Amino acid sequence: STLLPYTTLFRSTPPANTTAHTTANTTTSNHTTTHPGNSTTVITTHPTNTTVTPPPTFPPTPSPPTTGNYSVSDKGGANCIMALMGLELIIHEASKDGYCNIVPNKTSTSGTCTTSSSNLKISFREGFINFNFTKNDKSYYINEIEALLHPLSVQKIDKQNLMSTKLGSSYKCNSKTTVALGNSLKVEMVNVQLQAFEIKHNTFGTVSECSADYNNVVPLAVGLTIVILIVLGIIIYFIYRRSEEH
């Protein structure tokens, strides 16, 4: 009898009577073995590893923000915006709050300066906060705050008159200031001192204190006065008693 030839083909089109065995997806290598009148194709695949970055999670309770020093300079190197403040973003999702403290040494600062408007953008891994300042003849103020905190989209509040201050002066407020940018995002600022426009020698101008700090000082002063009066009354009483005994 005569033996028919035995042939091994790679990546060839198999003839009729073909059986395929397949596992998973992605990388594929074909090996075809041909016998007289019969052929078998085996396709082996190797799975590809895909890394999915989970969305950030935020603590459910607030913590005191660290005060950072942020500034924007003009083309000549002079500061046109200076800001000392602690920042925290509050995210509201699924009836729960999360708190994102902005760590100053993990941020980058950028911005622009013109004669009538300027902006300070503070960027960090989870997003950014952008403060827009504008001025009129006598004062300046924050007219817009815009923020992004993943996984939310950008949210902002505009057409505002926040932290209005006399030109050449700096705004200062140690009390907590919270601004809602939308239904699901708020920005909180503490220990604030900032100034935009007419900054001389890269130092803050005369301080203009916020009303919240002033309102906190008045009850404290009244309380201290009452304590002092009580102590004086006790001292006078004991002096009087001693004089009566003698």
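Please find, among Gln155, Gln160, the residue that is over 18 Å from Val192 (Cβ atoms) and of a type in the set (S, T, N, Q).
That would be Gln155, the only listed residue that is over 18 Å from Val192 (Cβ atoms) and of a type in the set (S, T, N, Q).
Being touching a Leu at 6+ places or on another chain (Cβ under 8 Å) and not in a strand (DSSP E or B) is the filter; apply it to the stretch 138-175 and report the residue that is most open to solvent (accessible area, probe 1.4 Å).
Among residues in the stretch 138-175 that are touching a Leu at 6+ places or on another chain (Cβ under 8 Å) and not in a strand (DSSP E or B), the one most open to solvent (accessible area, probe 1.4 Å) is Lys138.
Does Ser139 satisfy being in contact with a strand residue (DSSP E or B) (Cβ under 8 Å, 6 or more places away or on another chain) and more than 23 Å from Thr67 (Cα to Cα)?
Taking the combined requirement at face value, the residue satisfies it.
I need the full set of residues from the stretch 203-220 which are modelled with pLDDT of 90 or more and surrounded by 12 or more Cβ atoms within 10 Å (Cβ to Cβ), in order please.
Within the stretch 203-220, Phe204, Gly205, Val207, Ser208, Glu209, Cys210 meet the criteria.
The values are calculated or read from the model by the stated rules, or taken from the named source; none is laboratory data. Given the structure is predicted, the values throughout are model-derived calculations rather than measurements. All Cβ positions, even for glycine, are placed from backbone atoms using ideal geometry, and neighbour counts span all protein chains on display. Accessible surface is based on the protein model in full, side chains and every heavy atom, while ligands, DNA and RNA are left aside. Shrake-Rupley method; radii C 1.70, N 1.55, O 1.52, S 1.80 Å.
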